[in-house]
Each structure stands twice: as structure tokens, then as C-alpha cells.
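The values are calculated or read from the model by the stated rules, or taken from the named source; none is laboratory data. The shown structure was predicted, so the numbers you read here are calculated from the model rather than taken from an experiment. Note that we place each Cβ from the backbone using ideal geometry, even for glycine, and neighbour counts take in every protein chain shown.
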Amino acid sequence: ELERILKKQQHDQLRSKDRQASTAELLGEIRDLSQQINTSPTAQSQTYGQAVNARNQVAACLRKNEGKALDCWKEVSEFKSLVATLEREFVAASH
């Protein structure tokens with residue numbers, strides 16, 4: 001019985017570490033994408049405002065779901081999509 005309890009505790013600790021790593025990776029990716037947006041000359045576009053709003057929604061979702069970053073996949077997906085649009089706008093503007 002004790003062995004089963006110890007294995008469960010170890011399993012729970014590993015899952016907790018995985019969640020923390022996932023959250024840290026997600027926050028790092030969001031920070032990188034945000035920097036790309038902020039340094040882009042397309043920062044004046046309508047898409048830029050939408051991306052800023054989406055970034056804020058991701059941050060709010062992560063705060064609301066602390067430790068459960070995967071619950072914010074919709075917000076992150078929308079943010080990534082807007083960043084991709086901004087990148088396309090930037091490329092189009094530079095030609």
C-alpha cells in the first residue's frame with residue numbers, strides 16, 4: 001500500500017513539473033511573438049490592434065487558469081493567427 005502511495009506521489013509531482021514547463025514554454029513563445037509584433041512596421045495596421053487585444057486575452061486566460069496553460073489553446077491559436085497575418089503584411093509592405 002505504501003509503495004502505491006509513493007508511486008502516485010511521484011507521478012503527481014512529475015505531472016506538476018510538466019505543467020509548469022508547458023506554461024513556461026508557452027509564456028516564452030508568447031513573449032517572442034509579442035516582440036516580433038512590437039518591432040514590426042505594421043504596428044499601425046488594424047491587425048496590430050487585434051493582435052494586441054488577443055495577446056491581452058491570452059495573458060488574462062493564463063492568469064485565470066494558472067497551472068492549466070493548455071486551457072488557453074483557443075486564445076493562443078487566435079494570437080498566433082494574427083501574428084502570422086502581421087508577418088504577411090510586413091512582407092507585402094517591404095516589397
**Asked** Here are some residues: ALA43, ALA51. Which one is surrounded by 15 or more Cβ atoms within 10 Å (Cβ to Cβ), at pLDDT below 80 and among the hydrophobic types (A, V, I, L, M, F, W, C)?
**Response** ALA43
**Message:** Just to be sure I understand the filter: pairs with C-beta atoms under 9 Å, separated by 6 or more residues or on different chains, first member in the stretch 63-87 and farther than 17 Å from SER34 by Cα and buried (at least 17 other Cβ atoms within 10 Å of the Cβ), second member of a type in the set (Gly, Ala, Ser) and at pLDDT 90 or above. Which pairs pass?
**Reply:** none
**Request:** Inspect the stretch 9-19 for any residue being of a type in the set (S, T, N, Q) and modelled with pLDDT of 75 or more and give the result as yes or no.
**Result:** no
